[in-house]
Amino acid sequence: IVQRTYGGALASANISSEAPFNVRVISRNDEKERIGKAAARLIQPGETIFIDGGTTTECMLSELPLALNGSDTGLTVVTYGLNIVQRLIDQENVTLVLIGGILHTPTLTFGGVFAKDSFEGYNMRFDKAFMAASGVSAEAGITNAGFDEIPIKRRALRSARETIMLADSSKIGLIAPGVVA
């Protein structure tokens, strides 16, 4: 993640793995909360949305009741992130759809052939997809360290009318090994 230099360290332009979830969840929390709040404002009652697994996308969940603004219409959320499911389990007016598979514990996401097949089998469409990434750069686009997540991310991008990338400043300029888009 960093390159050692004389007297310190510099952020590396390339990453091959992500820090564990419990480390990422506390990193840049104020920035992620602001991003999450702005993203939640884009949600309309009655929509079907995809929320990518990740620590920044999780930050939008506390704002969902405000986004629904007391509407009885509710919201359908599709995700493969265990952290997203845990946060939404008790939310009123939220229909929760989990894309299951093999749990990747460092990212708390489900992946592999089971997840890909369930996603493909239902041919889901979304009003909006709220996406996370390991890196975002002009050179390589949206990249991810976890290869099992890439087919799900690509499918969500193709299935959404609108895509919103949620990435804190530490992801800008980084290039992870797997290209999402």
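The values are calculated or read from the model by the stated rules, or taken from the named source; none is laboratory data. Quick caveat, the model's predicted, so the values are computed rather than measured. Note that each Cβ is placed from the backbone with ideal geometry, even for glycine, and that neighbours are counted across all protein chains shown. SASA here: full protein model, heavy atoms, side chains in, ligands and nucleic acids out. Shrake-Rupley method; radii C 1.70, N 1.55, O 1.52, S 1.80 Å.
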Protein accessible area in the stretch 50-123, 1.4 Å probe - carbon and sulfur %: 52
Cβ charges +1 (Lys, Arg) and -1 (Asp, Glu), total dipole of the stretch 74-181, debye: 220
Partners for LYS32 among lysines (Cα-Cα distance below 24 Å; same-chain residues under 8 apart left out): LYS128, LYS153, LYS171
Simple Cβ-charge dipole of the stretch 131-181, Lys/Arg +1 and Asp/Glu -1, about Cα centre, in debye nearest 20: 220
Solvent-accessible area, 1.4 Å probe, carbon plus sulfur percent, for the stretch 139-181: 54
Accessible area expressed per residue, the stretch 55-181, with surrounding protein chains retained (probe 1.4 Å, Å²): 45
Those aspartates and glutamates that a straight Cα-Cα span of less than 18 Å connects to LYS37, excepting residues fewer than 8 apart in one chain: GLU47, ASP52, GLU58, GLU63, GLU162, ASP168
